[in-house]
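*Asks:* Questions regarding the structure given below will be posed in turn.
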Amino acid sequence: MSSKQLTRSKNNRIVAGVAGGIAEYTGLDLSLTRLITAVVVLFTGIGLVLYILAWILLPEEGSSSTGLDQIMGAIKKHTGGDTPNPDDLR
């Protein structure tokens, strides 16, 4: 039995690969999935929040790295990578 997991697509992405990942997971047509995703994001108040949460929480295809991991990595790279010592903040 194969274990199917919802991930963000690496190949079928315009913004973050969320719609591409949903299309691959469900087997729906990619264009239809993008259209539905765009309508939900643009015309419902919760749609944008859900899209951003999916971007942050879903791992990228072929990786265990989530969007949050990538954001934190970019922040660490930009700030030098060290976690600040709380004593230094006083």
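*Asks:* What is the chain's relative contact order, in percent, from Cα pairs under 8 angstrom and six or more apart in sequence? Don't skip to the answer; put the middle values down first.
*Replies:* Working: 85 pairs, mean separation 19.1, N = 90.
After rounding, I find 21 percent.
*Asks:* For 26, 37, which order do you get if you count the other beta carbons within 10 Å of each Cβ and list the fewest first?
*Replies:* 26, 37
*Asks:* If I model the chain as equal point scatterers sitting on the Cα atoms and use the Debye formula, what is log10 I(q)/I(0) at q = 0.10, 0.14, 0.23 Å⁻¹?
*Replies:* Listed by q, the Debye log ratios stand at -0.35, -0.59, -1.12.
*Asks:* Any chance you could run the full-extension gain for residue 52 through residue 36? It's 0.36 nm times the residue separation minus the Cα-Cα distance, nm to one decimal. Display every interim value, and only then the final one.
*Replies:* Working: separation 16, 0.36 × 16 = 5.76 nm, distance 1.56 nm.
Here the segment from residue 52 to residue 36 would lengthen by 4.2 nm.
*Asks:* Given a Förster distance of 41 angstrom, what is the FRET efficiency for residue 29 paired with residue 63, based on the Cβ-Cβ distance and rounded to 0.05? Present the calculation step by step, with values, prior to reporting the outcome.
*Replies:* Working: r = 25 Å, r/R0 = 0.61.
After rounding, the FRET efficiency stands at 0.95.
*Asks:* If R₀ is 30 angstrom, what is the calculated FRET efficiency for the pair residue 78 and residue 14, using the beta carbon separation as r and rounding to 0.05?
*Replies:* Numbers: r = 25 Å, r/R0 = 0.84.
The computed FRET efficiency comes out at 0.75.
Rule-based calculations on the coordinates, nothing more; no lab input. Just so we're clear, the structure is a prediction, and the values are computed from it rather than from any experiment. Ideal geometry is used to build each Cβ from the backbone, glycine not excepted, and the neighbour counts take in all protein chains shown.
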